[in-house]
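Heads up: the structure comes next, in structure tokens.
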Amino acid sequence: MDTIASLFSFITTPVSWIIVQFHALYGAIFGPDTGWAWGLSIVSLVVVIRICLIPLFVKQIKATRNMQALQPKMKAIQERYKNDKQRQSEEMMKLYKETGTNPLSSCLPILAQSPFFFALYHVLSKIASGDEIGVLNQSLVDSARQAHIFGAPIAAKFTDSPEKVEALNASLTDVRIVTAVMIILMSASQFYTQRQLMQKNVDLTVKTPFMQQQKMLMYIFPVIFAVLGINFPVGVLIYWLTTNVWTMGQQMYVINQNPTPGSKAQDHYLQRLIKSITSHGQVRSRRKRSVIQAIVAKGPDRNDNERRFITGLAKAGFAAQADGTVAKSETALLEAEGTGSAHKRQQPKRQSKSQRQSTGTQPSTTKSTPSSGSERARAGQQKSGEPKSGQAKSGQAKSGQRKGPQRPKHPSSKK
């Protein structure tokens, strides 16, 4: 680990400078030698780095959306070449190249943080040794060595010997308890972040290599960091726990406000949007209007969540417009309630066999006035199929008679 950290020594000066600036601020509040001053300086370092990485996070979201859009094509490739794994992989790579999609884009924020992570590890290792590094002079190094987080020095590790821990004015038990708790929290936050992504913000109806990759990362990353965590100083554990919490909160915001199409999160978001529109009678933000505009533009290509959204709006008496707004629409309400079902209620009731037979034996000269709309409809349907009285007597063929099997004649009939 020290060798890896030394490879990123070029960035130790900027990292140490940021820590010193925040330490000057928090030291004036909590005291320069306290764990709060140095611990909050590391937390603030994480916040600065993650703010700088927001453009990469946005790029990650867009790449993930592209992967979601490619899933139907990827599924088609899987079905076409299901017996040829090599050809399947080649076609997948070709599809990625044509669309400019990188399946490893979800790892970009982690890769971008690596230099800062190892630079901080290098700084804390030098603090534990009592050596100057970057802009940390000897007085600041001594101050950092005296800083304790819940009784554990920020430069101490789980694997340190009792003698080394004693040199930092701490006990081995305190160090191992604090580091063990931080490692557990770090791994749990990593797992929860990936789990909520898989359960809420991914369309699981399509099985693709991308989905398998995300599922694999959900279990592998927490195990990797748990194993490596015993070699991390307390300060590095603070750094990684803070960045995991930041990622978890950032992911929750994206899931709630900008969910993946076809996911459970999108269904929940659109249901909340329907409630908001029903309560206020309008779309209250530009971002929500852009969501509705995109759904309207899809037309018949909408997914199930989006179709339920359009239907839900219609039931509430609203129709989505092309510009993302909504308008009151009685037509949409009638269509949502099912005009077809209303039309179905106007159809004549099905007659029993005896009723049909008794109707067929009535004299043709008898005139009856339909008493309802349903009877008028039945009369209109039977008009073309009823034989004229002259034709019935002469036994001639009935030109208007319906083709196919005829109704059975009444037993009293002679013919």
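The values are calculated or read from the model by the stated rules, or taken from the named source; none is laboratory data. Just so it is clear, the model here is predicted, and its values are computed rather than measured. Backbone-built Cβ (ideal geometry, glycine too); neighbour counts: all protein chains shown.
Annotations for the structure displayed:
- Residue ID - nearest to the chain's Cα centre (by Cα), chosen from residues in region 113-134 that are surrounded by fewer than 17 Cβ atoms within 10 Å (Cβ to Cβ) and either touching a residue at least 24 places away in the same chain (Cβ under 8 Å) or on the phi < 0 side of the Ramachandran plot (or both): Ser114
- The residue that is nearest to Asp304 (Cα to Cα), among those in region 260-291 that are at pLDDT below 85 and crowded, with 19+ Cβ neighbours inside 10 Å, is Gly262.
- Scanning region 144-188 for residues that are farther than 27 Å from Pro222 by Cβ, in contact (Cβ under 8 Å) with a residue 60 or more places away in the chain and surrounded by fewer than 20 Cβ atoms within 10 Å (Cβ to Cβ) gives a single hit, Gln146.
- The set of residues from region 177-203 being farther than 10 Å from Leu241 by Cα and hydroxyl-bearing (Ser, Thr, Tyr) comprises Thr179, Tyr192, Thr193.
- Against the list (1) surrounded by fewer than 20 Cβ atoms within 10 Å (Cβ to Cβ); (2) over 19 Å from the mean Cα position of the chain (by Cα); (3) part of a helix (DSSP H, G or I), the condition Leu241 fails is (1).
- Of all residues in region 303-318, none that is modelled with pLDDT of 90 or more has its Cβ atom under 6 Å from the Cβ atom of a residue that is surrounded by fewer than 18 Cβ atoms within 10 Å (Cβ to Cβ) and among the aromatic types (Phe, Trp, Tyr), 6 or more apart or on another chain.
- Residue match in region 51-59 (condition: touching a Ser or Thr at 6+ places or on another chain (Cβ under 9 Å) and either of a type in the set (Lys, Arg) or over 27 Å from Gln113 (Cβ atoms) (or both)): yes
- Being over 30 Å from Tyr253 (Cα atoms) and surrounded by fewer than 19 Cβ atoms within 10 Å (Cβ to Cβ) is not true of Phe191.
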